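The values are calculated or read from the model by the stated rules, or taken from the named source; none is laboratory data. On a predicted model such as this, the values are computed, not experimentally measured, just so you know. All Cβ positions, glycine included, derive from the backbone under ideal geometry; neighbour counts span all protein chains shown. These accessible areas exclude ligands, DNA and RNA; they are computed on the full protein's heavy atoms, side chains included. Shrake-Rupley method; radii C 1.70, N 1.55, O 1.52, S 1.80 Å.
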Amino acid sequence: MTELPAAAGPAAHGPGEAAAPPSPRALPYGFARRHGLVATGEGESGPEVAMREDADPRSLIELRRFLGRPFALRRVDAGAFDRLLSDLYGAGAGVAADAAGSLGFDDDLGHLAAALPSADDLLDTSDDAPAIRLINGIIADAVRQGVSDIHIEPYETGLVVRMRMDGVLRETLRMPPHVAPVVVSRVKVMARLDIAERRLPQDGRIGLTLGGKLIDVRVSTLPSRAGERVVLRILDKENAGISLEMLGMGAEADRLFREALAEPNGIVLVTGPTGSGKTTTLYAGLKQLNDGSRNILTVEDPVEYAVDGVGQTQINPQVGLSFAAGLRAILRQDPDVVMVGEIRDRETADIAVQAALTGHLVLSTVHTNDAVGAITRLRDMKVEPFLIASTLRAVLAQRLVRRLCETCRRPVPAAPSLTDLLGIPAGTTVYEPGGCPACGGLGYKGRIGVFEAVKVDDTIRRLVNSGGDESAIAAHAFRTSPTLAAAARALVLEGGTSPEEAVRVSRHEAADA
(Lines give C-alpha, C1' and ligand atoms only; values in the text may rest on other atoms or scores of the structure.)
Protein backbone atom coordinates (compact mmCIF):
# COMPACT_ATOMS: atom_id res chain seq x y z
CA MET A 1 0.00 0.00 0.00
CA THR A 2 1.18 3.51 -0.79
CA GLU A 3 2.28 5.38 2.33
CA LEU A 4 1.24 8.97 2.77
CA PRO A 5 3.72 11.65 3.91
CA ALA A 6 3.67 12.13 7.66
CA ALA A 7 4.06 15.88 7.38
CA ALA A 8 0.37 16.39 6.84
CA GLY A 9 -0.57 14.77 10.14
CA PRO A 10 -0.38 16.07 13.71
CA ALA A 11 3.35 15.43 13.90
CA ALA A 12 3.91 18.38 11.60
CA HIS A 13 2.65 20.79 14.26
CA GLY A 14 4.51 22.05 17.27
CA PRO A 15 3.58 21.32 20.88
CA GLY A 16 0.24 22.79 21.80
CA GLU A 17 -0.67 23.58 18.21
CA ALA A 18 -3.94 22.24 16.82
CA ALA A 19 -3.85 20.33 13.60
CA ALA A 20 -5.27 22.37 10.74
CA PRO A 21 -8.44 20.96 9.22
CA PRO A 22 -7.54 19.01 6.09
CA SER A 23 -8.52 20.62 2.82
CA PRO A 24 -9.62 18.47 -0.14
CA ARG A 25 -6.19 19.05 -1.69
CA ALA A 26 -4.31 17.90 1.44
CA LEU A 27 -4.63 14.27 0.38
CA PRO A 28 -2.25 13.60 -2.53
CA TYR A 29 -4.08 13.03 -5.79
CA GLY A 30 -2.15 9.84 -6.63
CA PHE A 31 -3.18 8.20 -3.33
CA ALA A 32 -6.80 9.31 -3.72
CA ARG A 33 -7.10 7.91 -7.24
CA ARG A 34 -5.28 4.62 -6.60
CA HIS A 35 -7.04 3.78 -3.33
CA GLY A 36 -10.49 5.23 -4.03
CA LEU A 37 -10.51 7.70 -1.14
CA VAL A 38 -11.02 11.45 -1.29
CA ALA A 39 -11.37 14.01 1.51
CA THR A 40 -14.33 16.14 0.46
CA GLY A 41 -14.17 18.74 3.23
CA GLU A 42 -14.65 19.49 6.90
CA GLY A 43 -17.91 18.60 8.65
CA GLU A 44 -19.22 19.29 12.13
CA SER A 45 -17.64 16.12 13.52
CA GLY A 46 -14.37 16.22 11.54
CA PRO A 47 -13.13 15.46 8.03
CA GLU A 48 -15.56 13.95 5.53
CA VAL A 49 -14.24 11.22 3.26
CA ALA A 50 -15.82 9.62 0.19
CA MET A 51 -14.85 6.01 -0.56
CA ARG A 52 -15.29 4.33 -3.94
CA GLU A 53 -17.52 1.29 -3.63
CA ASP A 54 -14.82 -1.16 -4.83
CA ALA A 55 -11.98 0.34 -2.73
CA ASP A 56 -9.89 -1.78 -0.34
CA PRO A 57 -10.97 -0.96 3.27
CA ARG A 58 -7.38 -1.51 4.46
CA SER A 59 -6.39 1.83 2.91
CA LEU A 60 -8.55 3.52 5.57
CA ILE A 61 -5.85 2.71 8.14
CA GLU A 62 -3.25 4.76 6.24
CA LEU A 63 -5.75 7.57 5.72
CA ARG A 64 -6.53 7.62 9.47
CA ARG A 65 -2.83 7.92 10.23
CA PHE A 66 -2.45 10.72 7.69
CA LEU A 67 -5.37 12.78 9.01
CA GLY A 68 -4.54 12.13 12.65
CA ARG A 69 -8.16 12.09 13.79
CA PRO A 70 -11.46 10.28 13.14
CA PHE A 71 -13.43 11.05 10.00
CA ALA A 72 -16.92 10.49 8.61
CA LEU A 73 -17.06 7.98 5.75
CA ARG A 74 -19.57 7.54 2.94
CA ARG A 75 -19.50 5.16 -0.01
CA VAL A 76 -20.04 6.39 -3.57
CA ASP A 77 -20.20 4.61 -6.92
CA ALA A 78 -17.33 4.80 -9.41
CA GLY A 79 -18.93 7.53 -11.53
CA ALA A 80 -19.60 9.80 -8.57
CA PHE A 81 -16.06 9.21 -7.27
CA ASP A 82 -14.52 10.23 -10.61
CA ARG A 83 -16.59 13.41 -10.63
CA LEU A 84 -15.44 14.23 -7.08
CA LEU A 85 -11.80 13.73 -8.11
CA SER A 86 -12.17 16.01 -11.11
CA ASP A 87 -14.02 18.70 -9.16
CA LEU A 88 -11.81 18.74 -6.06
CA TYR A 89 -8.38 18.34 -7.62
CA GLY A 90 -9.15 20.12 -10.88
CA ALA A 91 -10.39 23.34 -9.31
CA GLY A 92 -7.02 25.01 -8.89
CA ALA A 93 -5.74 27.48 -11.47
CA GLY A 94 -2.26 28.42 -12.58
CA VAL A 95 -0.90 24.89 -12.91
CA ALA A 96 0.77 25.81 -16.20
CA ALA A 97 2.30 28.98 -14.77
CA ASP A 98 3.66 27.08 -11.75
CA ALA A 99 5.14 24.43 -14.01
CA ALA A 100 6.69 27.08 -16.24
CA GLY A 101 8.35 28.63 -13.22
CA SER A 102 9.77 25.24 -12.18
CA LEU A 103 11.45 24.74 -15.55
CA GLY A 104 14.45 26.77 -14.44
CA PHE A 105 14.91 29.03 -17.42
CA ASP A 106 18.60 29.54 -16.65
CA ASP A 107 19.33 25.83 -16.96
CA ASP A 108 20.20 23.93 -20.12
CA LEU A 109 16.99 22.16 -21.19
CA GLY A 110 18.53 20.31 -24.14
CA HIS A 111 18.84 17.10 -22.11
CA LEU A 112 15.06 16.52 -22.06
CA ALA A 113 14.43 12.81 -22.58
CA ALA A 114 12.41 11.60 -25.55
CA ALA A 115 10.54 9.01 -23.50
CA LEU A 116 6.78 9.23 -23.11
CA PRO A 117 5.56 10.81 -19.87
CA SER A 118 5.12 8.43 -17.00
CA ALA A 119 1.90 10.01 -15.73
CA ASP A 120 -1.26 8.20 -16.68
CA ASP A 121 -3.37 11.10 -15.52
CA LEU A 122 -2.83 14.84 -15.94
CA LEU A 123 -3.51 15.48 -12.26
CA ASP A 124 -0.94 12.92 -11.08
CA THR A 125 2.23 14.91 -11.76
CA SER A 126 4.26 14.57 -8.58
CA ASP A 127 7.16 12.66 -10.19
CA ASP A 128 7.17 14.16 -13.69
CA ALA A 129 9.96 16.16 -15.25
CA PRO A 130 9.32 19.93 -15.36
CA ALA A 131 8.74 19.99 -19.13
CA ILE A 132 6.13 17.27 -18.86
CA ARG A 133 4.51 19.06 -15.93
CA LEU A 134 4.38 22.19 -18.06
CA ILE A 135 2.55 20.50 -20.95
CA ASN A 136 0.24 18.61 -18.60
CA GLY A 137 -0.43 21.83 -16.69
CA ILE A 138 -1.26 23.76 -19.85
CA ILE A 139 -3.71 21.09 -21.01
CA ALA A 140 -5.21 20.63 -17.54
CA ASP A 141 -5.80 24.39 -17.18
CA ALA A 142 -7.39 24.44 -20.62
CA VAL A 143 -9.75 21.56 -19.86
CA ARG A 144 -10.85 23.13 -16.58
CA GLN A 145 -11.65 26.41 -18.31
CA GLY A 146 -13.53 24.81 -21.21
CA VAL A 147 -10.90 25.83 -23.79
CA SER A 148 -11.31 24.42 -27.31
CA ASP A 149 -7.83 25.13 -28.74
CA ILE A 150 -4.34 25.78 -27.37
CA HIS A 151 -1.87 27.71 -29.55
CA ILE A 152 1.85 27.36 -28.77
CA GLU A 153 3.55 30.06 -30.83
CA PRO A 154 7.32 30.69 -31.00
CA TYR A 155 8.57 34.22 -31.74
CA GLU A 156 12.01 35.82 -31.52
CA THR A 157 10.93 37.53 -28.29
CA GLY A 158 9.48 34.48 -26.55
CA LEU A 159 7.22 31.45 -26.57
CA VAL A 160 3.57 32.49 -26.28
CA VAL A 161 0.71 30.21 -25.22
CA ARG A 162 -2.78 31.37 -26.21
CA MET A 163 -6.07 29.62 -25.52
CA ARG A 164 -9.36 29.91 -27.36
CA MET A 165 -12.22 30.08 -24.88
CA ASP A 166 -15.77 30.75 -26.05
CA GLY A 167 -14.37 31.41 -29.51
CA VAL A 168 -11.91 34.14 -28.45
CA LEU A 169 -8.12 33.74 -28.18
CA ARG A 170 -6.38 35.02 -25.05
CA GLU A 171 -2.71 34.94 -24.11
CA THR A 172 -2.22 32.90 -20.94
CA LEU A 173 1.53 32.29 -20.72
CA ARG A 174 4.78 33.78 -22.06
CA MET A 175 8.20 32.16 -21.70
CA PRO A 176 11.76 32.85 -22.94
CA PRO A 177 12.39 31.89 -26.59
CA HIS A 178 14.99 29.18 -25.88
CA VAL A 179 12.30 27.09 -24.14
CA ALA A 180 10.35 26.67 -27.41
CA PRO A 181 12.30 23.71 -28.91
CA VAL A 182 11.99 21.70 -25.71
CA VAL A 183 8.27 22.35 -25.29
CA VAL A 184 7.51 21.58 -28.94
CA SER A 185 9.61 18.42 -28.84
CA ARG A 186 7.80 17.22 -25.74
CA VAL A 187 4.39 17.74 -27.38
CA LYS A 188 5.58 15.86 -30.48
CA VAL A 189 6.81 12.97 -28.34
CA MET A 190 3.47 12.77 -26.52
CA ALA A 191 1.65 12.79 -29.90
CA ARG A 192 4.06 10.16 -31.32
CA LEU A 193 5.29 12.47 -34.07
CA ASP A 194 8.75 12.57 -35.63
CA ILE A 195 10.74 14.96 -33.44
CA ALA A 196 13.59 15.09 -35.99
CA GLU A 197 11.30 16.39 -38.76
CA ARG A 198 10.97 20.14 -38.40
CA ARG A 199 10.47 21.16 -42.03
CA LEU A 200 7.08 19.55 -42.71
CA PRO A 201 3.68 19.88 -40.98
CA GLN A 202 2.64 16.90 -38.87
CA ASP A 203 -0.61 15.74 -37.29
CA GLY A 204 -1.15 13.43 -34.35
CA ARG A 205 -3.17 12.88 -31.22
CA ILE A 206 -2.71 12.50 -27.47
CA GLY A 207 -5.08 10.44 -25.33
CA LEU A 208 -5.27 11.68 -21.72
CA THR A 209 -7.50 11.60 -18.68
CA LEU A 210 -8.30 14.34 -16.20
CA GLY A 211 -9.74 12.99 -12.97
CA GLY A 212 -11.27 10.03 -14.79
CA LYS A 213 -12.59 12.17 -17.69
CA LEU A 214 -11.34 11.05 -21.11
CA ILE A 215 -9.75 13.83 -23.14
CA ASP A 216 -8.67 13.48 -26.77
CA VAL A 217 -6.13 16.09 -27.89
CA ARG A 218 -5.51 16.58 -31.63
CA VAL A 219 -2.03 17.95 -32.38
CA SER A 220 -1.01 19.93 -35.46
CA THR A 221 2.51 21.29 -36.05
CA LEU A 222 3.47 23.87 -38.67
CA PRO A 223 6.97 25.18 -39.46
CA SER A 224 7.31 28.95 -39.03
CA ARG A 225 10.12 31.48 -39.15
CA ALA A 226 10.91 31.30 -35.42
CA GLY A 227 10.31 27.57 -34.97
CA GLU A 228 7.40 25.17 -35.08
CA ARG A 229 3.92 26.37 -34.18
CA VAL A 230 1.72 23.83 -32.38
CA VAL A 231 -2.06 23.87 -32.10
CA LEU A 232 -3.78 21.47 -29.70
CA ARG A 233 -7.47 20.84 -30.30
CA ILE A 234 -9.18 19.56 -27.15
CA LEU A 235 -12.06 17.16 -27.67
CA ASP A 236 -13.98 16.31 -24.52
CA LYS A 237 -15.47 12.88 -25.21
CA GLU A 238 -18.39 13.65 -22.90
CA ASN A 239 -19.65 16.04 -25.61
CA ALA A 240 -20.57 13.01 -27.69
CA GLY A 241 -23.54 12.54 -25.35
CA ILE A 242 -25.13 15.91 -26.14
CA SER A 243 -28.80 15.55 -27.07
CA LEU A 244 -30.98 17.73 -29.28
CA GLU A 245 -32.63 19.19 -26.18
CA MET A 246 -29.23 20.50 -24.99
CA LEU A 247 -28.47 22.42 -28.20
CA GLY A 248 -30.77 25.33 -27.34
CA MET A 249 -32.60 25.50 -30.66
CA GLY A 250 -35.71 27.60 -30.99
CA ALA A 251 -39.00 25.72 -31.11
CA GLU A 252 -39.47 26.07 -34.87
CA ALA A 253 -35.90 25.09 -35.82
CA ASP A 254 -36.04 22.14 -33.42
CA ARG A 255 -39.31 20.92 -34.95
CA LEU A 256 -38.04 21.18 -38.53
CA PHE A 257 -34.77 19.41 -37.70
CA ARG A 258 -36.52 16.55 -35.90
CA GLU A 259 -38.96 16.12 -38.77
CA ALA A 260 -36.05 15.91 -41.21
CA LEU A 261 -34.32 13.27 -39.05
CA ALA A 262 -37.53 11.23 -39.08
CA GLU A 263 -37.47 10.99 -42.89
CA PRO A 264 -36.63 7.52 -44.25
CA ASN A 265 -34.29 8.95 -46.90
CA GLY A 266 -32.88 12.20 -48.24
CA ILE A 267 -30.14 14.67 -47.34
CA VAL A 268 -30.06 16.81 -44.20
CA LEU A 269 -27.37 19.51 -44.17
CA VAL A 270 -25.92 21.61 -41.34
CA THR A 271 -24.11 24.76 -42.46
CA GLY A 272 -21.95 27.41 -40.86
CA PRO A 273 -18.32 28.55 -40.61
CA THR A 274 -15.54 26.57 -38.97
CA GLY A 275 -16.03 26.32 -35.21
CA SER A 276 -19.78 26.99 -35.27
CA GLY A 277 -20.70 23.62 -33.72
CA LYS A 278 -21.89 21.81 -36.86
CA THR A 279 -20.33 18.49 -35.87
CA THR A 280 -21.83 18.65 -32.38
CA THR A 281 -25.28 19.19 -33.92
CA LEU A 282 -24.79 16.19 -36.22
CA TYR A 283 -23.76 14.01 -33.28
CA ALA A 284 -26.88 15.10 -31.42
CA GLY A 285 -28.90 14.05 -34.46
CA LEU A 286 -27.11 10.69 -34.56
CA LYS A 287 -27.89 10.16 -30.88
CA GLN A 288 -31.57 10.74 -31.68
CA LEU A 289 -31.41 8.08 -34.42
CA ASN A 290 -29.14 5.61 -32.59
CA ASP A 291 -31.84 3.39 -31.09
CA GLY A 292 -30.37 0.05 -32.14
CA SER A 293 -32.79 -0.50 -35.02
CA ARG A 294 -30.64 1.26 -37.65
CA ASN A 295 -27.21 0.66 -39.12
CA ILE A 296 -25.50 4.05 -38.76
CA LEU A 297 -22.14 4.60 -40.48
CA THR A 298 -19.99 7.74 -40.68
CA VAL A 299 -16.95 8.92 -42.62
CA GLU A 300 -15.23 11.84 -40.88
CA ASP A 301 -12.07 13.94 -40.85
CA PRO A 302 -11.22 13.33 -38.07
CA VAL A 303 -13.47 11.12 -35.94
CA GLU A 304 -13.97 13.59 -33.12
CA TYR A 305 -16.06 11.55 -30.68
CA ALA A 306 -16.43 7.78 -30.38
CA VAL A 307 -20.11 6.76 -30.23
CA ASP A 308 -21.24 3.26 -29.25
CA GLY A 309 -23.56 1.75 -31.83
CA VAL A 310 -22.19 3.87 -34.70
CA GLY A 311 -19.60 2.64 -37.20
CA GLN A 312 -17.09 5.46 -37.66
CA THR A 313 -14.40 5.70 -40.36
CA GLN A 314 -11.68 8.34 -40.56
CA ILE A 315 -10.50 9.48 -43.97
CA ASN A 316 -6.85 9.04 -44.88
CA PRO A 317 -5.93 10.83 -48.12
CA GLN A 318 -2.37 9.43 -47.98
CA VAL A 319 -3.72 5.97 -48.80
CA GLY A 320 -6.52 7.15 -51.06
CA LEU A 321 -9.33 7.09 -48.50
CA SER A 322 -11.12 10.36 -49.28
CA PHE A 323 -14.65 11.37 -48.31
CA ALA A 324 -15.88 10.13 -51.68
CA ALA A 325 -14.03 6.80 -51.43
CA GLY A 326 -15.15 6.28 -47.84
CA LEU A 327 -18.76 7.14 -48.65
CA ARG A 328 -18.72 4.80 -51.64
CA ALA A 329 -17.37 2.00 -49.43
CA ILE A 330 -19.81 2.36 -46.54
CA LEU A 331 -22.75 2.29 -48.93
CA ARG A 332 -21.81 -1.38 -49.46
CA GLN A 333 -22.16 -1.98 -45.69
CA ASP A 334 -25.99 -1.94 -45.74
CA PRO A 335 -26.42 1.38 -43.88
CA ASP A 336 -29.70 3.02 -42.97
CA VAL A 337 -28.16 6.34 -41.94
CA VAL A 338 -24.93 7.78 -43.33
CA MET A 339 -23.05 10.78 -41.94
CA VAL A 340 -20.41 12.46 -44.10
CA GLY A 341 -18.22 14.91 -42.21
CA GLU A 342 -18.28 17.45 -45.02
CA ILE A 343 -19.37 17.67 -48.65
CA ARG A 344 -16.36 19.37 -50.22
CA ASP A 345 -16.46 18.48 -53.90
CA ARG A 346 -18.68 17.34 -56.72
CA GLU A 347 -17.74 13.66 -56.40
CA THR A 348 -18.79 13.51 -52.73
CA ALA A 349 -21.96 15.47 -53.49
CA ASP A 350 -22.90 13.13 -56.35
CA ILE A 351 -22.43 10.03 -54.19
CA ALA A 352 -24.44 11.58 -51.33
CA VAL A 353 -27.28 12.35 -53.76
CA GLN A 354 -27.22 8.82 -55.14
CA ALA A 355 -27.26 7.42 -51.60
CA ALA A 356 -30.32 9.52 -50.80
CA LEU A 357 -32.04 8.39 -53.99
CA THR A 358 -31.46 4.74 -53.10
CA GLY A 359 -33.17 4.97 -49.72
CA HIS A 360 -30.52 6.23 -47.29
CA LEU A 361 -30.74 9.15 -44.89
CA VAL A 362 -27.57 11.22 -45.39
CA LEU A 363 -26.37 13.79 -42.82
CA SER A 364 -23.55 16.16 -43.68
CA THR A 365 -22.16 19.70 -43.47
CA VAL A 366 -21.23 22.38 -45.99
CA HIS A 367 -19.53 25.72 -45.48
CA THR A 368 -22.02 28.46 -46.33
CA ASN A 369 -23.16 31.65 -44.59
CA ASP A 370 -26.81 30.67 -44.26
CA ALA A 371 -29.24 27.84 -44.86
CA VAL A 372 -30.44 28.89 -48.33
CA GLY A 373 -26.81 29.30 -49.42
CA ALA A 374 -26.40 25.50 -49.16
CA ILE A 375 -28.63 25.08 -52.22
CA THR A 376 -26.45 27.48 -54.21
CA ARG A 377 -23.33 25.64 -52.98
CA LEU A 378 -24.68 22.33 -54.30
CA ARG A 379 -25.43 24.02 -57.61
CA ASP A 380 -21.84 25.28 -57.73
CA MET A 381 -20.72 21.66 -57.32
CA LYS A 382 -22.62 20.91 -60.55
CA VAL A 383 -25.33 18.84 -58.86
CA GLU A 384 -28.38 18.87 -61.13
CA PRO A 385 -31.21 21.07 -59.76
CA PHE A 386 -33.79 18.29 -60.10
CA LEU A 387 -31.56 16.03 -57.97
CA ILE A 388 -31.22 18.72 -55.29
CA ALA A 389 -34.99 19.24 -55.28
CA SER A 390 -35.77 15.53 -54.98
CA THR A 391 -33.19 14.60 -52.30
CA LEU A 392 -32.68 17.63 -50.01
CA ARG A 393 -35.00 17.47 -46.98
CA ALA A 394 -33.82 20.29 -44.72
CA VAL A 395 -30.93 22.67 -44.11
CA LEU A 396 -29.94 23.95 -40.67
CA ALA A 397 -27.62 26.97 -40.35
CA GLN A 398 -26.01 27.87 -37.05
CA ARG A 399 -23.61 30.16 -35.24
CA LEU A 400 -22.21 30.24 -31.73
CA VAL A 401 -22.38 33.45 -29.70
CA ARG A 402 -20.95 34.04 -26.25
CA ARG A 403 -23.47 33.81 -23.43
CA LEU A 404 -23.60 36.73 -20.98
CA CYS A 405 -22.69 35.92 -17.40
CA GLU A 406 -25.98 36.05 -15.48
CA THR A 407 -24.19 37.18 -12.33
CA CYS A 408 -22.71 40.42 -13.66
CA ARG A 409 -24.61 41.39 -16.84
CA ARG A 410 -25.90 44.98 -16.75
CA PRO A 411 -29.04 46.43 -18.40
CA VAL A 412 -28.35 49.42 -20.65
CA PRO A 413 -30.17 51.28 -23.44
CA ALA A 414 -29.13 49.92 -26.83
CA ALA A 415 -26.67 52.15 -28.70
CA PRO A 416 -28.14 53.76 -31.85
CA SER A 417 -25.39 52.25 -34.00
CA LEU A 418 -26.46 48.77 -32.91
CA THR A 419 -30.23 49.26 -33.05
CA ASP A 420 -30.06 49.84 -36.81
CA LEU A 421 -27.97 46.73 -37.35
CA LEU A 422 -30.18 44.55 -35.16
CA GLY A 423 -33.48 46.04 -36.25
CA ILE A 424 -34.70 46.95 -32.75
CA PRO A 425 -36.22 50.27 -31.58
CA ALA A 426 -33.85 52.92 -30.27
CA GLY A 427 -33.57 52.93 -26.49
CA THR A 428 -34.52 49.27 -26.11
CA THR A 429 -33.10 47.78 -22.91
CA VAL A 430 -30.37 45.26 -23.65
CA TYR A 431 -27.59 43.77 -21.54
CA GLU A 432 -23.84 44.31 -21.69
CA PRO A 433 -21.03 42.26 -20.10
CA GLY A 434 -19.79 43.26 -16.67
CA GLY A 435 -17.05 41.17 -15.14
CA CYS A 436 -16.97 39.13 -11.93
CA PRO A 437 -15.11 36.18 -10.41
CA ALA A 438 -17.75 33.76 -11.71
CA CYS A 439 -16.82 34.53 -15.32
CA GLY A 440 -13.16 35.34 -14.77
CA GLY A 441 -13.78 39.03 -15.35
CA LEU A 442 -14.81 38.50 -18.97
CA GLY A 443 -18.53 39.16 -18.67
CA TYR A 444 -19.27 36.05 -20.71
CA LYS A 445 -19.55 32.44 -19.62
CA GLY A 446 -20.03 29.69 -22.19
CA ARG A 447 -21.62 29.88 -25.61
CA ILE A 448 -25.09 29.37 -27.00
CA GLY A 449 -26.25 28.42 -30.48
CA VAL A 450 -28.23 30.59 -32.88
CA PHE A 451 -30.10 28.60 -35.53
CA GLU A 452 -32.20 28.94 -38.65
CA ALA A 453 -33.84 26.02 -40.44
CA VAL A 454 -35.26 25.60 -43.93
CA LYS A 455 -37.60 22.75 -44.76
CA VAL A 456 -37.58 21.84 -48.45
CA ASP A 457 -41.27 21.73 -49.34
CA ASP A 458 -43.03 21.58 -52.72
CA THR A 459 -42.71 25.34 -53.31
CA ILE A 460 -38.95 25.33 -52.68
CA ARG A 461 -38.59 22.27 -54.91
CA ARG A 462 -40.29 24.15 -57.76
CA LEU A 463 -38.07 27.18 -57.14
CA VAL A 464 -34.94 25.02 -57.19
CA ASN A 465 -36.04 23.21 -60.36
CA SER A 466 -36.79 26.50 -62.11
CA GLY A 467 -33.47 28.07 -61.10
CA GLY A 468 -34.93 30.47 -58.53
CA ASP A 469 -32.42 32.71 -56.78
CA GLU A 470 -31.60 32.73 -53.05
CA SER A 471 -33.83 35.71 -52.24
CA ALA A 472 -36.93 34.03 -53.67
CA ILE A 473 -36.22 30.78 -51.82
CA ALA A 474 -35.49 32.67 -48.56
CA ALA A 475 -38.68 34.74 -48.87
CA HIS A 476 -40.74 31.55 -48.86
CA ALA A 477 -38.61 29.58 -46.38
CA PHE A 478 -38.70 32.21 -43.63
CA ARG A 479 -42.34 33.19 -43.75
CA THR A 480 -42.98 31.41 -40.43
CA SER A 481 -39.56 30.36 -39.10
CA PRO A 482 -36.94 32.84 -37.82
CA THR A 483 -33.74 33.67 -39.65
CA LEU A 484 -30.34 33.77 -37.98
CA ALA A 485 -30.77 37.52 -37.54
CA ALA A 486 -34.19 37.13 -35.92
CA ALA A 487 -32.94 34.35 -33.63
CA ALA A 488 -29.94 36.47 -32.59
CA ARG A 489 -32.19 39.50 -32.01
CA ALA A 490 -34.50 37.45 -29.79
CA LEU A 491 -31.50 36.24 -27.79
CA VAL A 492 -30.38 39.84 -27.22
CA LEU A 493 -33.83 40.90 -26.02
CA GLU A 494 -33.91 37.93 -23.63
CA GLY A 495 -30.56 38.97 -22.16
CA GLY A 496 -28.81 35.82 -23.32
CA THR A 497 -26.08 37.64 -25.23
CA SER A 498 -24.88 41.17 -25.98
CA PRO A 499 -25.80 43.21 -29.07
CA GLU A 500 -22.17 43.15 -30.21
CA GLU A 501 -22.18 39.35 -30.29
CA ALA A 502 -25.48 39.26 -32.18
CA VAL A 503 -24.23 41.72 -34.79
CA ARG A 504 -21.53 39.23 -35.77
CA VAL A 505 -24.31 36.89 -36.88
CA SER A 506 -26.86 39.28 -38.30
CA ARG A 507 -24.94 42.20 -39.75
CA HIS A 508 -25.18 41.08 -43.39
CA GLU A 509 -28.92 40.47 -43.12
CA ALA A 510 -29.57 43.82 -41.47
CA ALA A 511 -27.67 45.51 -44.28
CA ASP A 512 -29.88 43.79 -46.83
CA ALA A 513 -33.13 44.59 -45.02
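Remark: the stretch 225-295 is approximated by an ellipsoid whose semi-axes, taken from the C-alpha gyration tensor as √(5λ), come to 30, 15, 13 Å, largest first. Per residue, the stretch 168-282 exposes 45 Å² of solvent-accessible protein surface, assessed with a 1.4 angstrom probe and all protein chains in place.
Rounded to the nearest whole Hz, the Karplus-based 3J(HN,Hα) values (6.51 cos²θ - 1.76 cosθ + 1.60, θ = phi - 60°) of the stretch 58-74 follow the sequence 5, 5, 5, 5, 5, 5, 5, 5, 5, 6, x, 6, x, 9, 8, 10, 9, with x at glycine and proline.
Applying the criteria of a DSSP loop state and at most 15 other Cβ atoms within 10 Å to the trypsin sites (Lys or Arg not before Pro) of the stretch 198-236 yields ARG198, ARG199, ARG225. When ASP82, ASP141, ASP370 are compared by accessible area at a 1.4 angstrom probe, the order from most to least is ASP82, ASP370, ASP141. Summing Cβ point charges (Lys, Arg +1; Asp, Glu -1) relative to the Cα centre of the stretch 357-437 gives a dipole of roughly 180 debye. If you plug the beta carbon distance of ASP203 and THR274 into 1/(1 + (r/R0)^6) with R0 = 22 Å, you get a FRET efficiency near 0.85.
Normalised by 2.2 N^0.38 Å, with N the number of residues, the alpha-carbon radius of gyration of the stretch 383-464 equals 1.69. How many percent of all Cα-Cα pairs in the stretch 144-189 sit more than 15 Å apart? Of all Cα-Cα pairs in the stretch 144-189, 46 percent lie more than 15 Å apart.
In the stretch 326-428, the convex hull through the Cα atoms has an average projected area of 10.1 nm², a quarter of its surface area.
Farthest towards the positive end of the charge dipole of the stretch 366-430, among the residues ALA394, CYS408, VAL366, is the Cα of CYS408, using unit charges on the Cβ of Lys, Arg, Asp and Glu.
Only protein heavy atoms count here; on that basis, with a 1.4 Å probe, MET163 has an accessible area of about 10 Å². Taking amide H as placed 1.01 Å from N in the peptide plane, the amide H of ARG447 sits under 5 Å from that of ARG403, each at least 5 places away or on another chain.
With all protein chains present, how much of the accessible area of the stretch 445-487 (probe radius 1.4 Å) comes from carbon and sulfur, to the nearest whole percent? Here carbon and sulfur together make up 50 percent of the probe-accessible area.
Are there GluC sites (Glu not before Pro) in the stretch 23-85 that DSSP puts in a loop and that have at most 13 other Cβ atoms within 10 Å, and which ones? The qualifying sites are GLU44, GLU53.
Dividing the convex hull volume of the alpha-carbon atoms in the stretch 163-314 by its residue count gives 160 Å³ per residue. Counting only protein heavy atoms, what percent of the accessible surface of the stretch 280-411 is carbon or sulfur at a 1.4 Å probe? Carbon and sulfur atoms account for 43 percent of the accessible area of the stretch 280-411. My understanding is that a pair violates if its Cα-Cα distance is over 27 Å; which of LYS213/LYS445; LYS278/LYS382; LYS287/LYS455; LYS188/LYS287; LYS188/LYS278 do that in this structure? Going by Cα-Cα distance, LYS188/LYS287; LYS188/LYS278 fall outside the 27 Å limit.
The dipole here belongs to the stretch 357-511: it is taken about the Cα centre, uses +1 on the Cβ of Lys and Arg and -1 on the Cβ of Asp and Glu, and is about 320 debye.
Computed packing ranks the peptides 478-488, 298-308, 180-190 as 180-190, 478-488, 298-308, most packed first, by mean other Cβ atoms within 10 Å. Against the empirical curve 2.2 N^0.38 Å, the C-alpha radius of gyration of the stretch 245-393 lands at a ratio of 0.97.
D by Stokes-Einstein for the stretch 173-261, Kirkwood Rh over Cα pairs, 37 °C, 0.692 mPa s: 205 µm²/s. Both the radius of gyration and Dmax for the stretch 381-424 are 20.1, 53 Å, in that order, over alpha-carbon atoms. Pairwise inverse Cα distances across the stretch 316-373, averaged and inverted, put the Kirkwood hydrodynamic radius at 12.0 Å. Taking a cut-off of 21 Å, what percent of all Cα-Cα pairs in the stretch 399-513 are separated by more than that? In whole percent, the long-distance tail amounts to 45. Computed from the Kirkwood radius of its Cα pairs, the Stokes-Einstein diffusion coefficient for the stretch 137-218 at 20 °C and 1.002 mPa s stands at 156 µm²/s.
In this structure the stretch 344-472 gives 45 Å² per residue of accessible area when probed at 1.4 Å with all protein chains present. Across ARG255, ARG461, the residue with the most accessible area heads the list, and the full order at a 1.4 Å probe is ARG255, ARG461. Rounded to the nearest whole Hz, the Karplus-based 3J(HN,Hα) values (6.51 cos²θ - 1.76 cosθ + 1.60, θ = phi - 60°) of the stretch 265-271 follow the sequence 8, x, 10, 10, 10, 10, 10, with x at glycine and proline.
The magnitude of the dipole of the stretch 303-437, with charges of +1 and -1 set on the Cβ of Lys/Arg and Asp/Glu and taken from the Cα centre, is near 240 debye. Put THR313, THR419 in order of accessible area, highest first, and with a 1.4 Å probe you get THR313, THR419. Put simply, the amide H of VAL362, placed in the peptide plane, has neighbours under 5 Å in GLY266, ILE267, VAL268, VAL338, leaving out anything fewer than 5 places away on its chain.
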